[in-house]
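What follows is a single structure, written as structure tokens, with notes after it.
The values are calculated or read from the model by the stated rules, or taken from the named source; none is laboratory data. Being a predicted model, the structure only gives us computed values, none of them experimental. Counting neighbours? That spans all protein chains shown, and the Cβs are built from the backbone with ideal geometry, glycine included. For the accessible areas, the whole protein counts, side chains as well, though only heavy atoms, and no ligand, DNA or RNA atoms are used. Shrake-Rupley method; radii C 1.70, N 1.55, O 1.52, S 1.80 Å.
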Amino acid sequence: MITMSDVFENVMELAKRRGFIWPTSECYGAVAGFIDYGPLGAMMKRRIENIWRDFYVIREGYYEIECPTIAQEAVFIASGHVAGFADKMCQCPHCREFLRADHVAEGGGVKNASTMGNQDLATALATCKCLACEEVLGNVEVFGFNLMFKTSIGPDTKRVGYLRPETAQGMFVDFSRLLRFYRDKLPFGAVQIGKSYRNEISPRQGMIRLREFTQAEAEIFVHPDEKNRHPTFHRYADYRMPLLTYGQQQKCEEAVSLSMREAVDKGVIANEYLAYYVALTHELLVSIGIKPERLRFRQHLPDERAHYATDCWDAEILSDRFGWIETVGLADRTNYDLNAHAKESGTPMTVFIQYAEPKKVQRRRIIPNMGVLGKQYRNKAKAIFEALGNSTPTADGADVVVDGEKIHIPADLFEVRDEVVDIRGEDIVPHVIEPSYGIDRMCYAVLEQAYDEDEADGEKRTVMRFSPKVAPVQVAVFPLMTRDGLDTIADEITRKLHKAGILAEYDDSGAIGRRYRRQDEIGTPFAVTVDYDTKENNTVTLRDRDSMKQVRIAIDKLPETIGALVEGSVTFASLQ
RNA sequence: GCGCCGAUAGUGUAGUGGUUAUCACUAGGCGUUGCCAACGCCUAAACCCGGGUUCGAGUCCCGGUCGGCGCACCA
């Protein structure tokens, strides 16, 4: 048996050796926080991303968009990342440790340290003690460390750009276009799978904390009053999973298994939309091969939430090495982002919601006679026009103040109309439900959980037990012997499978057992062997990776059968 | 960034300042092989980078990079 602590080392060694994960640009020395996906890793990652697309794009109907990974400064000023994504840091002059300046100050009894300017904070820090060496800091400089990579756009360096720290902003800045695309109706969503960048101070833990990573994010725009009316909530109403609320965390209690219906009714999850995507996330993670017993959903503690979110849940996967890894974040971002971009850009980001019945509203309109007013007041006429609209006229006329000057407008220069008008609807700012997946962490979890060692004929066998859906190579094709035409037949079968869109790998090198083991190690779920019976009756053996059992099957049936096995609509056991 | 530890073929490793740098597995070639890492012969393949000490450095010293652990950081 393998011990738990070995898994990480074994799986990363295998991943490196067999071409899943490599240190980046190794010939120049690797760089922390960056990795290369090798041939099999890239294939597996693509398969995981495509399963994600099945769920969000095909099933949910949220189209994928693709925005640049660099955006101009205004985008991140609006999003709050320029100000909020930066930590105020200082360096201890004694032990040279980098410290969070506000943490040190608060530890030293300074109030409101997080809202102080750099200068004030530096002054306040002079008497505080270093958290590491406990020396009094004295004269220190406070500087902002922003986790965003900064760059410049164009040859002059005036125009600042940032590498995006999340893909989400792309969906927000495209809101008006998306709204039009979805024909002005809520709810709708857009998704993006792509790279994001965070200049982590000290990334570690291999592929768990990267400076460049792949996110798959969905932004679902909903009417704020409809968050408890997800149209297909019934799909997941009875779906159960362990939920760890912040109340339970504070009391150090275990997660409790609840159905989504119960979770919403008891107020454990804020609304139906959030609960729906919590459940969908669970189903998605299980379908890529995450074991349900290693999966839980944990609610963020109030002080852990991002600046924009109200309720927030993390899907966490239990790793032998790293404990519970935050892999998916599910947040109710409310209308924070759309409001912020509307304000910063001056573009309204609202949806017009038509009422079922128009509302009758009593309204007073003041209509000036501009023909006369214009001639009489010239360049002040426009200001007077605007002021009149807000005035309370009497029978005598109206008094308005323009540029500090009080002007009396006689009653015959305007008309007061009291009327009842139909209000047909209102402009609202949608709320955003955001499931945000860390694809690299999903890849790591899949690798770690797939790794297994068992015994075959008294020998240790290393096998990656990938779900056939994510296995990079889907089937291996072997001639039993490299002669008598068996290799030719195997080659033809390989090409036939390729034509059916199946990734088949031909191998005739070495003993048959060795070839099986090679494929076991990269997690290929099925293997086809061409033997002497093949020449008699056009059948081959089909071997299952996990059970190592074989069935005979007609060559004609191969593409269809393997396709079904990979997709999961047929099990190997049912073929026996 | 700090402290401690480490870095040698594709992988895992041995290596007292002094031969052609050890071994296993893997990989490639040829032969053999009738379904689970068989066998024979052959081949390829490494001292992280930069300084220093020394007649001589994989080995000792310093700095860097990467990795592990602890601290700090992780909207």
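Just to verify a number: FRET efficiency for residue A:361 and residue A:408, C-beta to C-beta distance, R0 = 41 Å, to 0.05?
Details: r = 30 Å, r/R0 = 0.73.
It comes out at approximately 0.85.
Counting only residues 5 or more places away or on other chains, whose amide H sits under 5 Å from the amide H of residue A:34 once H atoms are built in the peptide plane?
HN-HN under 5 Å from residue A:34: A:211.
Per residue, how many Å² of accessible area does region A:473-575 show with a 1.4 Å probe? Let's see the in-between values first.
Numbers: 4810 Å² over 103 residues.
The answer is 47 Å² per residue.
Give the carbon-plus-sulfur fraction of the accessible surface of region A:159-231 in %, rounded to a whole number; probe 1.4 Å, heavy atoms of protein chains only. Could the numbers behind the result be given before it?
Numbers: 1350 of 3070 Å².
In region A:159-231, the share of accessible area belonging to carbon and sulfur is 44 percent.
Mind pulling up the Rg/Rh value for region A:400-506? Radius of gyration and Kirkwood radius, both on Cα. Show your work: numbers first, answer last.
Numbers: Rg = 37.2 Å, Rh = 22.6 Å.
Rg/Rh: 1.65.
What per residue convex hull volume, in Å³, do the alpha-carbon atoms of region A:473-575 yield? Spell out each step's value before the answer.
Details: hull volume 8.7 nm³, N = 103.
Per residue, the Cα convex hull of region A:473-575 comes to 84 Å³.
Run the accessible area of region A:355-427 with a 1.4 Å probe and give the carbon-and-sulfur part as a rounded percent. Walk me through the intermediate numbers first.
Values: 2470 of 5180 Å².
Here it works out to 48 percent.
Taking amide hydrogens as modeled 1.01 Å from N in the peptide plane, which residues meet the under 5 Å criterion relative to residue A:188, leaving out close sequence neighbours?
Close amide H contacts, sequence-distant or interchain: A:221.
Expressed in nm², what is the orientationally averaged projection area of the convex hull enclosing the Cα positions of region A:247-381? Walk me through the intermediate numbers first.
Details: hull surface 64.0 nm².
The Cα convex hull of region A:247-381, projected and averaged over all directions, gives 16.0 nm².
Tell me, what HN-Hα J-couplings in whole Hz come from the Karplus equation 6.51 cos²θ - 1.76 cosθ + 1.60 at θ = phi - 60° for each residue of region A:571-576, using x for Gly and Pro?
9, 4, 4, 6, 7, 7
Which of the aspartates and glutamates could a cross-linker span from residue A:45 if the Cα-Cα distance has to be under 12 Å and same-chain partners fewer than 8 positions apart are dropped?
Residue A:45 reaches A:36, A:440.
What list of ³J(HN,Hα) values in whole Hz, one per residue of region A:259-269 in order, does the Karplus curve 6.51 cos²θ - 1.76 cosθ + 1.60 (θ = phi - 60°) give from phi, with Gly and Pro shown as x?
7, 5, 4, 4, 4, 6, 4, 7, x, 6, 9
Out of all DSSP beta bridges in region A:403-547, what portion is antiparallel? Express it as a percent rounded to 5. Before the final figure, lay out each step's value.
On the way: 10 of 18 bridges.
So the antiparallel bridges amount to about 55 percent of the total.
For a quick check: with amide H placed at 1.01 Å from N, whose amide H comes under 5 Å from residue A:21's, ignoring anything fewer than 5 positions away on the same chain?
For residue A:21, the qualifying residues are A:16, A:38.
Which order, highest average first, do A:558-565, A:182-189, A:469-476 follow once you tally other Cβ atoms within 10 Å for each residue and take the mean per peptide?
On the way: A:558-565: 18.6, A:182-189: 15.8, A:469-476: 23.8.
So the peptides A:558-565, A:182-189, A:469-476, ranked by packing, come out A:469-476, A:558-565, A:182-189.
Convert each backbone phi in region A:51-62 into a coupling constant with the Karplus relation 6.51 cos²θ - 1.76 cosθ + 1.60 (shift: θ = phi - 60°), then list the ³J(HN,Hα) values in order as whole Hz, x for Gly and Pro.
My calculation for region A:51-62 gives 5, 4, 4, 4, 5, 8, 7, 6, 6, 7, x, 9 Hz in order.
Please give the per residue accessible area of region A:348-414, computed with a probe of 1.4 Å over protein heavy atoms only, in Å².
Values: 4680 Å² over 67 residues.
Heavy-atom SASA per residue in region A:348-414 reads 70 Å².
Less than 20 Å apart at the alpha-carbon level, and either on another chain or at least 8 residues along: which aspartates and glutamates does that give for residue A:251?
Within the straight-line cut-off, residue A:251 pairs with A:303, A:304, A:311, A:314, A:316.
Could you work out, for region A:174-286, what percent of all Cα-Cα pairs fall into each 10 Å distance bin, beginning at 0 Å and stopping at the bin that holds the largest distance?
With 10 Å bins starting at 0, P(r) equals 12, 30, 32, 24, 3.
For residue A:129, which aspartates and glutamates qualify as cross-link partners when the Cα separation must be under 16 Å and same-chain residues fewer than eight apart are set aside?
A:97, A:102, A:106, A:141
Could you check how much of the accessible area of region A:473-575 is carbon and sulfur, as a whole percent, using a 1.4 Å probe? Numbers along the way, then the final one.
Working: 2370 of 4810 Å².
Reported share for carbon and sulfur atoms: 49 percent.
For region A:355-427, treating each Cα as an identical point scatterer without solvent, what Debye log10 I(q)/I(0) comes out at q = 0.13, 0.21, 0.27 1/Å?
-0.46, -0.86, -1.22
On the principal axes of its Cα set, how long, how wide and how thick is chain A? Give whole Å, largest value first.
Computed over chain A, the largest-to-smallest principal extents equal 111, 67, 56 Å.
How big is the gap, in Å, between the Cα center of region A:421-499 and the Cα center of region A:340-390?
Cα centroid of region A:421-499 versus Cα centroid of region A:340-390: 59 Å apart.
Of A:469/A:499; A:88/A:150; A:359/A:382, which sit over 20 Å apart, Cα to Cα? Spell out each step's value before the answer.
On the way: A:469/A:499 18 Å; A:88/A:150 17 Å; A:359/A:382 31 Å.
Violating the 20 Å Cα-Cα cut-off are A:359/A:382.
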